[in-house]
Amino acid sequence: MRDPPDMLCKKHRKAYQAMCEEDRLLLCIDCIIGEDQHRDHKLASLDQAYERYRGQVSETRDQIIEIVDMASITKQIDQRKEEMRKAAEATEQKLVRFTQYLISKIEQRRELVKGAIAETLRKEMESLSENANFLEQISSEKLRHMEKLLGQTPQHFLASLFL
Ligand SMILES: [Zn+2]
Ligand SMILES: [Zn+2]
């Protein structure tokens, strides 16, 4: 055992020789022999005490390391959770933007189709009214021709039809 000056018994100024397990006190030879207090107490050699307490301290240290590790794992899990939350948020924003993009494209397309249909209808209406005008013209010409025929004398009427 190391024996620096501060490792001397404060009362007797002698090196420690044993440890009283009951009192958890280090004892010098005078403490052991001269003090009635420890007579019936169980003593441990310094080596025994060292081994035992060293074991306890190292066990405590391992527990602390475990706790620190768990804390660090918990912290990592929290960080990962936060990263995943942000990633999910970013994905959702992308999805929203993409959906908005699709909707705007569909609306543009709808406007184009609407315009094309309106144009086709307009052209059809135009051609229908042209045809109607044409028919009306032909009908009125035929009508005038009939009126003219009917206004003729019987001889001229028959001659117009059969000659
Ligand atoms: Zn002493
Ligand atoms: Zn004692």
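Observations
- Footprinting exposure proxy for Leu8, Leu26 (fewest neighbouring C-beta atoms within 10 Å first): Leu8, Leu26
- Kirkwood Rh, Cα atoms: Rg over Rh of the chain: 2.05
- Summing charges over neighbours of Gly55, with a neighbour being any other residue whose Cβ is under 14 Å away from its Cβ, gives -1 when K and R count +1 and D and E count -1.
- Per residue, the convex hull volume that the Cα atoms of segment 55-145 enclose (Å³): 52
- Pairwise Cα inverse-distance average, inverted: Kirkwood Rh of segment 1-41 (Å): 10.4
- Alpha carbon centroid spacing (whole Å) that separates segment 101-163 from segment 19-70: 119
- Radius 14 Å from Cβ of Ile73, net charge of other residues (Lys, Arg +1; Asp, Glu -1): 0
- Applying 0.36 nm per residue to the separation of Glu111 and Leu150 and subtracting their alpha-carbon distance, the gain on full extension is 8.3 nm.
- The residues neighbouring Arg85, those whose beta-carbon lies less than 13 Å from its own, together hold a net charge of -2 under the Lys/Arg +1, Asp/Glu -1 convention.
- Kirkwood hydrodynamic radius over Cα pairs of segment 12-65, then Stokes diffusion coefficient at 4 °C and 1.567 mPa s, in µm²/s: 107
- Residue-averaged 222 nm ellipticity for the chain, from DSSP H runs of 4+ at -39500 (n - 2.57), nearest 500: -27000 deg cm²/dmol
None of the figures in this text is laboratory data; all of them are computed from the coordinates on show. Keep in mind it's a predicted model, so treat the numbers as computed, not measured. Ideal geometry is used to build each Cβ from the backbone, glycine not excepted, and the neighbour counts take in all protein chains shown.
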